[in-house]
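As structure tokens, the structure follows; a few thoughts come after it.
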Amino acid sequence: MTSKREKILLQGLADGNEKAFRKVFEHYYPKVKCFLSQFIHNEEDARDLAQNIFIKIWTALPTFRGDAKLYTWLYRIATNAVLNHLRKQKFKALVSFESS
């Protein structure tokens, strides 16, 4: 369940309010980047992935139903993104190893 303050913020996000999105970004970006850095040991890759996650969030906002808290949804997106990144890295390493 979401709080009244979060519902107001979500409404601003749903309306395309950049100020509301900036608040979300400023609050959650450091946490998301720290989360990603635990799995991705390259700061530049973690930073790029974090930025891509917030782009996904901006474009996926119309699909957010509000059944869960915003941070729960955001971390689910971050988890999926880091898993996909790690799969790609593993695949690249495998292809690189096989072509050597």
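Of Ile53, Leu13, Gln38, whose Cα points farthest to the positive end of the dipole of segment 1-55 (charges on the beta-carbon: +1 Lys, Arg; -1 Asp, Glu; origin at the Cα centre)?
Leu13
Any idea what diffusion coefficient the chain gets from Stokes-Einstein, in µm²/s, Kirkwood Rh on alpha carbon pairs, 37 °C, 0.692 mPa s?
The estimated diffusion coefficient comes to 223 µm²/s.
Quick one: what are the phi-derived ³J(HN,Hα) couplings along segment 65-75, Karplus 6.51/-1.76/1.60 with θ = phi - 60°, whole Hz, x for glycine and proline?
These are the phi-based 3J(HN,Hα) values: 8, x, 5, 10, 5, 4, 5, 5, 5, 4, 5 Hz.
Mind checking the dipole of the chain: about its Cα centre, +1 per Lys or Arg Cβ, -1 per Asp or Glu Cβ, Debye to the nearest 20?
Result for the chain is approximately 360 debye, rounded to the nearest 20.
So what's the angle, to the nearest 10 degrees on a 0 to 90 scale, between helix 43-60 and the longest Cα principal axis of the chain?
40
What is the list of residues in segment 36-57 whose amide nitrogen lies under 18 Å from a point 7 angstrom out from the Cα of Arg22, following Cα to Cβ?
Hits in segment 36-57 for Arg22 at 18 Å: 54-55.
Pulled fully out, how much extra length does the chain show between Cys34 and Ser3, if you take 0.36 nm times their separation in residues and subtract their Cα-Cα distance?
Full-extension gain reported as 8.7 nm.
In terms of Cα to Cα distance under 16 Å, which lysines are near enough to Lys19, apart from those fewer than 8 places away along the same chain?
Straight-distance partners of Lys19: Lys7.
Could you work out how far helix 4-14 tilts from the main Cα principal axis of the chain, as a 0 to 90 degree angle to the nearest 10?
Helix 4-14 sits roughly 70 degrees off the main axis of the chain.
Which order do the peptides 26-34, 46-54 come out in when sorted by mean C-beta neighbours inside 10 angstrom, highest first?
46-54, 26-34
Check cross-link reach from Lys69 to the aspartates and glutamates: straight Cα distance under 19 Å, and skip same-chain residues fewer than eight apart.
Cα-Cα hits under 19 Å: Glu6, Asp15, Glu26.
Could you pull out every one of the lysines with an alpha carbon less than 17 Å from that of Lys33, ignoring same-chain neighbours closer than 8 positions?
Correct list for Lys33: Lys23, Lys56.
Any read-out appearing in this document is the output of simple, stated calculations on the displayed coordinates, not a laboratory observation. Predicted model only: the values in this text are computed from it and were never measured. Here Cβ is always computed from backbone atoms with ideal geometry, including for glycine, and neighbour counts include all displayed protein chains.
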